[in-house]
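Asker: Below: one structure in structure tokens.
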Amino acid sequence: MPRRRAHSAQTVTLLRALAAEPRQWRYGYDLGVELGLKSGSLYPILIRLCERGLLDSTWETVETGRPPRHLYRLTRDGLSEAHAAARVRSSATTRRTTLGTA
Amino acid sequence: MRLAVLIAFVATAMGRRQWGKAMLSELEQIVGRRERLRFTLGCVGALVTTVPLLTAVALVGGLASLTIVAVALVRYPGLVTGVGTWLAVAFFVAVVGAYVVGLVALGHRLVESGLVAAAALAAGLIAGSWWVVGFAASQHFPAAVPMSLLVLGPVVALGNGAWATLRTRSLPSGLTCVGLASLLAGFALFLAWGGQTVAFAGRPYDAGMLRDFHASGGHDLATYAVSDSLGSGMMLLLLVPLVSLTAGLAGAAVVSRRVRAAE
């Protein structure tokens, strides 16, 4: 079985934000503002997630006058990955808390 | 406007035009000069740091090839003998540009079929065999073993085309693998050949070259040797992919016909 590479904290934050409303398409810039991620951090994550098949992307359909924006949402695999990442994170937090109180 | 041009340029150069378009559409939404500049610089950083491996190889290879020729021209001013030299340099730059564009385009397609490693291995074998043959020829070394490698390059290309087509059961994927291997081989060979030429001033100087040099009436042996060797390298830059492509296309076409007949 291929070994799953651990996600960075910023990737997990993004996955959680997208998993909160999995059917909703989201704009990249809005996600960055909401999560406090600059474009230099946000886009490498979006590119990687898309290339791993965890993120779906599409172009919005707009009236003439402004260019269409790119939209993102999790794929089914992405949603599973987001849940798995959240579980790993919460168990790590629990472990730290247990060690702290021991 | 200039910020948009910067993003578009870097995205195209890095083989990520769609991501460039996505970033540009977001840039349109941002108000404030400083915020737009910050967003643009972040995007440029993201495009550069996430560059696909083959795009990076193509860009570095292109830059290194141009650097080799530029260093040769600076170190050996005698190489410039007139307008013809600059025409040759312009042609060389165009060929290198075509190599980079070809590698980025083919690499992008090949990543999806998972044949990059096979293409890289074939390219290494092809380039290696040509290099040994070229070295043996420059030494006037008519040994049977190195000269027999002359057939290895086309045979590897033929096998690569056949194998890639058989594996993917798709002629376009087989041809993409052949194209990528051919371009990688040409690039690798020129980098090794040209790099060695500039680093060692065209050495080794064999008896044939010394004779030709004296007959030419030239004044500087190193300049003569570098000119001769770089000229050979540039010819190989065209010849190697041409021969490899022809052999690879033949292998891919034969297997594709058999696969279709079996189906």
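Asker: Residue check, A:Ser80 against (1) away from chain B (no Cβ under 12 Å); (2) hydroxyl-bearing (Ser, Thr, Tyr); (3) crowded, with 17+ Cβ neighbours inside 10 Å, all met but one. Which one?
Answerer: Result: A:Ser80 passes all but (3).
Asker: Now a separate question. For the stretch A:1-60, which residues satisfy the criterion of being aliphatic (A, V, I, L, M), in a loop (DSSP other than H, G, I, E, B) and within 13 Å of chain B (Cβ to nearest Cβ)? Can you show your working first?
Answerer: Let us first name the residues in the stretch A:1-60 that are aliphatic (A, V, I, L, M), namely A:1, A:6, A:9, A:12, A:14-15, A:17-20, A:31, A:33, A:35, A:37, A:42, A:45-47, A:49, A:54-55.
This time we only want the ones that are in a loop (DSSP other than H, G, I, E, B), so: A:1, A:6, A:37, A:54.
Scanning the stretch A:1-60 gives a single hit, A:Leu37.
Asker: Mind telling me which of the residues B:Leu210, B:Leu230 ends up being free of Cβ contacts under 8 Å to residues at least 12 places away in the same chain and either of a type in the set (Phe, Trp, Tyr) or part of a helix (DSSP H, G or I) (or both)?
Answerer: B:Leu210
Quick grid of which residues meet (1) among the basic types (Lys, Arg); (2) farther than 22 Å from A:Arg76 by Cβ; (3) surrounded by fewer than 17 Cβ atoms within 10 Å (Cβ to Cβ):
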| position | (1), (2), (3) |
| --- | --- |
| A:Ala9 | no, yes, yes |
| A:Leu14 | no, no, no |
| A:Ala17 | no, no, yes |
| A:Pro22 | no, no, yes |
| A:Leu31 | no, no, no |
| A:Glu34 | no, yes, yes |
| A:Leu37 | no, yes, no |
| A:Tyr43 | no, yes, no |
| A:Leu46 | no, no, no |
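Asker: What's the number of the condition B:Phe9 fails, among (1) within 14 Å of chain A (Cβ to nearest Cβ); (2) within 21 Å of A:His70 (Cβ to Cβ)?
Answerer: Every condition holds for B:Phe9 apart from (1).
Asker: Please tell me if B:Thr12 is surrounded by fewer than 15 Cβ atoms within 10 Å (Cβ to Cβ) and in a loop (DSSP other than H, G, I, E, B).
Answerer: No.
Asker: I want to confirm something. Restricting to the stretch B:30-66 and keeping residues that are assigned to a loop (DSSP other than H, G, I, E, B) and surrounded by 15 or more Cβ atoms within 10 Å (Cβ to Cβ), which single residue is nearest to the other protein chains (Cβ to nearest Cβ)?
Answerer: So, considering only residues that are assigned to a loop (DSSP other than H, G, I, E, B) and surrounded by 15 or more Cβ atoms within 10 Å (Cβ to Cβ), the one nearest to the other protein chains (Cβ to nearest Cβ) is B:Thr50.
Asker: If B:Arg109 passes every condition in (1) more than 14 Å from chain A (Cβ to nearest Cβ); (2) touching a His at 6+ places or on another chain (Cβ under 6 Å) but one, which one does it miss?
Answerer: Only one criterion in (1) more than 14 Å from chain A (Cβ to nearest Cβ); (2) touching a His at 6+ places or on another chain (Cβ under 6 Å) is unmet by B:Arg109, namely (2).
Asker: Sticking with this structure for a sec: Which one of the conditions (1) crowded, with 17+ Cβ neighbours inside 10 Å; (2) within 28 Å of the chain's Cα centre (by Cα); (3) farther than 30 Å from B:Gly251 by Cβ does B:Arg203 fail to meet, given that it meets all the rest?
Answerer: Of everything listed in (1) crowded, with 17+ Cβ neighbours inside 10 Å; (2) within 28 Å of the chain's Cα centre (by Cα); (3) farther than 30 Å from B:Gly251 by Cβ, B:Arg203 misses just condition (1).
Asker: If you don't mind, there's one more thing I want to ask. Please state which one of B:Arg258, B:Arg169 is without any contact (Cβ under 8 Å) to a residue 60 or more places away in the chain and among the basic types (Lys, Arg).
Answerer: Working: B:Arg169 fails: without any contact (Cβ under 8 Å) to a residue 60 or more places away in the chain.
Answer to the selection: B:Arg258.
Since every read-out is calculated from the coordinates, none of them should be taken as a lab result. Note that the structure is a prediction, hence the values are computed from the model and not measured. Every residue, glycine as well, gets a Cβ built from its backbone with ideal geometry; the counts of neighbours run over all protein chains shown.
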